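Reviewing the structure listed below.
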There are 2 protein chains.
Amino acid sequence: MYLEKVTGPEDIKGFSAEQRRALAREMREAMLKRASIHGGHFGPDFGIVEATIALHTVFDSPKDKFVFDISHQAYPHKMLTGRKDAYLYEEHYDDVSGYTNPEESPHDMFNVGHTSTSISLATGLAKARDLKGDKENIIAIIGDGSMSGGEALEGLDTAGEMKSNLIIVFNDNDQSIAEVHGGMYKGFKELRDTNGKSERNLFKAMGLDYRFVADGNDAEAMIAALEEVKDIDHPVVLHIVTKKGKGYKFAEENKEEWHWHMPFDIETGEVTQPLIDPYAEQTAETFLRLAKEDKKFIAISAATPASMGLTQASREELGEHYIDVGIAEEQAVAMASGLAKNGAHPVFGDYSSFFQRTYDQLAQDVCVNNSPATFLVFWASMYGMNDVTHLGFYDIPMMSNIPNLVYLAPTSPEEYQAMLDWSVAQEKYPVAIRVPHMMVGSSNRPVRKSYDELNKYEVVRQGSQVALIGLGSFCNLAEDAAAKLKDQGIEATVINPLFITGLDEELLESLKENHDMVVTLEDGVLEGGFGEKIARFYGADRMKVLNFGLPKKFYDRYDYGKLAQEHHLTAEQIAEDIIKTL
Amino acid sequence: MYLEKVTGPEDIKGFSAEQRRALAREMREAMLKRASIHGGHFGPDFGIVEATIALHTVFDSPKDKFVFDISHQAYPHKMLTGRKDAYLYEEHYDDVSGYTNPEESPHDMFNVGHTSTSISLATGLAKARDLKGDKENIIAIIGDGSMSGGEALEGLDTAGEMKSNLIIVFNDNDQSIAEVHGGMYKGFKELRDTNGKSERNLFKAMGLDYRFVADGNDAEAMIAALEEVKDIDHPVVLHIVTKKGKGYKFAEENKEEWHWHMPFDIETGEVTQPLIDPYAEQTAETFLRLAKEDKKFIAISAATPASMGLTQASREELGEHYIDVGIAEEQAVAMASGLAKNGAHPVFGDYSSFFQRTYDQLAQDVCVNNSPATFLVFWASMYGMNDVTHLGFYDIPMMSNIPNLVYLAPTSPEEYQAMLDWSVAQEKYPVAIRVPHMMVGSSNRPVRKSYDELNKYEVVRQGSQVALIGLGSFCNLAEDAAAKLKDQGIEATVINPLFITGLDEELLESLKENHDMVVTLEDGVLEGGFGEKIARFYGADRMKVLNFGLPKKFYDRYDYGKLAQEHHLTAEQIAEDIIKTL
């Protein structure tokens, strides 16, 4: 047993090839057991075990600095840098985050979770080193999927002009989360097929030196290659070929499913607690129908088809009505604008956190041009991804303050369906839909067919004294809070605003007649959000306004229930706060 | 005289080579005269005259669709598509915008102004054409400077996998606004030097077909090359070499100065009304001092060094303390994070409108990691660029709602200096500074040395009844409005908040004692902005709140004075509104 004794990289530096092979086996065993119980990223980590052993054998971390792209492949790195317990012992599984984390270890340079950032961050580390007159190695480790992102390509371009040490380990397993997409992958394939000799070389075209390692799962070959580039005096790309999911049959065979995985049975590979987002499934079903009904329909993905419920089979069925642009959210949004301008009906869906990549494309390419494209924002909620790098509740301030955009907030599967059908068919507005989180079920609230009349809110229940405006996923919460108020003798009005991007001034004005307080509830941060617009509307009136939501902060691995409690986002607390303030 | 008779592209299709040469001369003459009187983009348009004549000779616009990148080089295109009068006759100079504009002509597909979008937009047009079963040519025209932007590179990657007509005219004049930067430019130079034969070919590496035209200023060679790619059944890059500023000596010799130009004397090339932003000059002076005092200081530009007042001479003087990453704002911001994490003191400055490219990098690369980098946001104001694609007043909703960021709003050159000096030296916070617009002069308000104590506002003048909070450039307006109120017998409090990203809750709380109204003034849109946070703070109180600023909208080529008047942003109107509402 080697892994149990590894307290830091220095413990493995003197290992023999045989010891390294044994260590790699132990690391995979530990990861397999942990993943089967705990879930998490899988394929990226299984593929990079030997490369990580080699990196820590050759380089001297933390003096030499590693930047792992996305850092979802950093489990082996964590095991070798003092955090083995979190992979060996179940009671310690939650001691570590799923990504690199400087609060855990000086061996981690950044909190990273979005793709395509490692080269850019590394160029900064390298330039700072030069300014200070230091000498360490700076190493970015980036997968082929991440290479399609604009930030990575911009980073390559800058690296190609730099003149000091910078090592880019390009980990090529011919796979993104789903299959890779883009013309550059033809070139990468040629490089793999020619042992790195092909002329079609993106890195050389970017002005960079280039080396090739045919088997990146051979620790000895990796060590030899890394020794050669260690202390190099200029930027270099080391292209290594690895196998995603290596060492676990099911993961090797089905790379997409095993990119990230829920807890599973090791023998069968079967998930023990399946995670199903009914809104994703509903989306995929809608797309399959639209592809048959509307020749102008097209679904766009930026390498996350699962966000829209699109399996490999459904993607094939969509055929010409589906395009994956790779991890390239800017391209996805701008392409959607081009599609819409030439008469197509494009829909781009992705997770809320990744829409952050597209502010300028939404504003300039789409909204300045008023291109009638549809954007589906998934997991835009406190409920869901709770890693600091994947928070899904910043989209309202980011998107809703862009002119011309119609940002809709459905409150149920039925309303989502109506909005999606309306949006794809209409040709007047750029529309985004904030898809409810997966626990938001059906309601018996009435559902409109058309949303052409902008900013017209829906009164769900007419009352007086207090009006609760419950946005999207929080409309149910507004109804629950109204029920609590009823117990206290207050018949509150409940409003489903539907539109995040505008005020129903007529309705808000009319509330002044027999209401003393307007309360907003939103599943997101308060700063720059929906509630503040209501507060401004009533600023000079005697109407009291209370805004419920989260204060802006980078929350990390929180418990949803506790976070809601802490910020008074339960029906009981809301009713109490209202009564206290009335 | 040919140009006077050109009502549309059909009028030039039958021209002889001689006629085309005469037309090109006339077009340059018209542009030269117009630029000398009116100002505008210069070099990009003078370089692309022949290529544009060739494009309109070979293709059938608007059936065939052109997408001009940035579209600051579209003057010749406009001249040939029914808008010659706007270039020939002074009284019509303002009939057209400085960019392509679908409201002017069906020959313009998009309102464009930001770089690197043309390929992405064109991939969308092409895919929509295929879905509809149409057959037209889709042509993107993009300069070499724009190629360094991530969106363009993502677009190339998607194009490299497409299988139908798409023509990318790559206009290589070896120049961005300033000199080009990045490793890809070594490859482009090799291609120019080898007549397109070099193996270092970014486009082939992206999976694309490739052709080369050595003299893109030869209309006949261009026509021949375009004829060959017309109706091609797959994406192709046509690499053409042109001369920026061609036909005007001063512009050929000093490409950076003549990228865009103020009105000038044609004989001497000298500017008749120089435009000087004193804040840019102050910034450059500070940088030159810092480069001497602090070895860890570094200024970063994304191809707009002039935003920070950096001339070619000052860039050379900065030496290792300056880096231009090309038109690659994401790289600039992420690199700044890497620099700060490794102990350097980076400052990245750009125009407000271009910061829109960096939302995710600010949030993830910088703020999640709390990297103490400094960002200077120039022309963040209603005053300045007034093209719909370059509006500088969306940065507050975009940036100020990102956690951890400290966004400062100086109100004078003295305060800007103090904030800049403090920010570069401190190592605790990511800091952005909203540089005042160029007309904001010195004030005698006290200036702090340190801003370590976050969200501590400054009371400029203690009064009662009404408190005016004047953010940044609008602090003077708050003082002016207070003076008007004084005439009416109201001694208003005036507050300089300094911090856009947080509330001074203690101060705001204390205002409740002897104030009935709090008024916010901000030089930007109201939605998601600063004032709404104040409105939320007082939501449940009897304090009246009035927010002054602009409603969100894509304003285009407005008159600053009229816009201010329309939205009650003069001291008189503000005072009146206050008295009316009290």
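What follows draws every value from the coordinates through simple rules; no lab data is involved. Remember, it's a predicted structure, so these values are computed and weren't measured experimentally. Cβ: placed from backbone, ideal geometry, glycine included. Neighbour counts: every protein chain shown.
Data table
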{"read-out": "Low-density loop positions, trypsin sites (Lys or Arg not before Pro), the stretch B:149-203 - DSSP coil, at most 13 other Cβ in 10 Å", "value": "B:163, B:197"}
{"read-out": "Exercise: per-residue mean of other protein chain Cβ atoms within 10 Å, A:104-110", "value": "2"}
{"read-out": "Charge-dipole axis of the stretch B:278-434 as Lys and Arg at +1 and Asp and Glu at -1 on Cβ define it, positive-most pick from B:283, B:345, B:380", "value": "B:345"}
{"read-out": "Within-13-Å neighbourhood charge of residue A:250 [Cβ basis; K, R +1; D, E -1]", "value": "-3"}
{"read-out": "Nitroxide proxy distance, nm - points 7 Å out along Cα→Cβ at residue A:439 and residue A:506", "value": "3.7 nm"}
{"read-out": "Backbone HN-Hα couplings from phi across the stretch B:327-339 [Karplus 6.51/-1.76/1.60, Hz, Gly and Pro as x]", "value": "6, 8, 5, 4, 4, 4, 6, 5, 4, 4, 5, x, 4"}
{"read-out": "Shielding by other protein chains, A:340-350, mean Cβ within 10 Å", "value": "4"}
{"read-out": "Cα-based convex hull volume of the stretch B:3-261 per residue, rounded to whole Å³", "value": "111 Å³"}
{"read-out": "Spread of Cα-to-Cα distances over 10 Å intervals beginning at zero, given as percent, for the stretch B:473-544", "value": "17, 51, 31, 1"}
{"read-out": "Under 17 Å between alpha carbons - lysine pairs in the stretch B:458-581 that sit 8 or more apart or on different chains", "value": "9"}
{"read-out": "P(r) of the stretch A:1-154 over all Cα-Cα pairs, binned every 5 Å from zero, in whole percent", "value": "2, 10, 19, 22, 21, 15, 8, 4, 1, 0"}
{"read-out": "In the stretch A:383-484, chymotrypsin sites (Phe, Trp or Tyr not before Pro) in a DSSP loop with at most 11 other beta-carbon atoms within 10 Å", "value": "none"}
{"read-out": "Using a 7 Å Cα-to-Cβ projection, residue A:195 label spacings across copies, nm, ascending", "value": "3.4"}
{"read-out": "Spatial separation of Cα centroids for the stretch B:199-224 and the stretch A:139-187, in angstrom", "value": "25 Å"}
{"read-out": "Set of lysines with alpha-carbon distance to residue A:84 below 17 Å, sequence-local pairs under 8 removed", "value": "A:5, A:13, A:33"}
{"read-out": "Cβ-based net charge around residue B:241, under 13 Å, with every Lys or Arg adding one and every Asp or Glu removing one", "value": "-2"}
{"read-out": "Gyration tensor (alpha-carbon) shape descriptor, the stretch B:458-581, a/c threshold 1.5", "value": "oblate"}
{"read-out": "Helix A:219-229 axis, angle to chain A major axis (alpha carbon atoms, nearest 10°)", "value": "90 degrees"}
{"read-out": "Neighbourhood charge, 9 Å Cβ-Cβ cut-off, centred on residue A:322 and excluding it, Lys, Arg +1 and Asp, Glu -1", "value": "-3"}
{"read-out": "Rounded to the nearest 20 debye, dipole of the stretch B:458-581 from Cβ charges on Lys, Arg, Asp, Glu", "value": "280 debye"}
{"read-out": "Cα centroid separation - the stretch A:341-392 against the stretch B:248-291, whole Å", "value": "39 Å"}
{"read-out": "For B:403-410, mean number of other protein chain Cβ atoms within 10 Å", "value": "2"}
{"read-out": "Order by protection proxy (mean Cβ within 10 Å, highest first), peptides A:121-134, A:25-38", "value": "A:121-134, A:25-38"}
{"read-out": "Dipole moment magnitude, nearest 20 debye, the stretch A:39-163 about Cα centre, only Lys, Arg, Asp, Glu C-beta charged", "value": "460 debye"}
{"read-out": "Contact order normalised by residue count of chain A, Cα under 8 Å, 6+ apart, percent", "value": "10 percent"}
{"read-out": "0 to 90° range, to nearest 10: angle between helix B:17-38 axis and chain B longest Cα axis", "value": "10 degrees"}
{"read-out": "About the Cα centre, charge dipole magnitude for the stretch A:1-101 (Lys/Arg +1, Asp/Glu -1 at Cβ), debye", "value": "200 debye"}
{"read-out": "Positive-end extreme of charge dipole, the protein assembly as shown - chosen from A:310, A:165, A:110 (charges on Cβ)", "value": "A:165"}
{"read-out": "Sparse-neighbour loop sites [GluC sites (Glu not before Pro); the stretch A:449-541; at most 11 other C-beta within 10 Å; DSSP]", "value": "A:453, A:513"}
{"read-out": "Cβ-Cβ FRET estimate between residue B:189 and residue B:164, R0 fixed at 45 Å, reported to 0.05", "value": "0.90"}
{"read-out": "Pairwise centroid distance, computed over Cα atoms, of the stretch A:481-559 with the stretch B:1-35, Å", "value": "60 Å"}
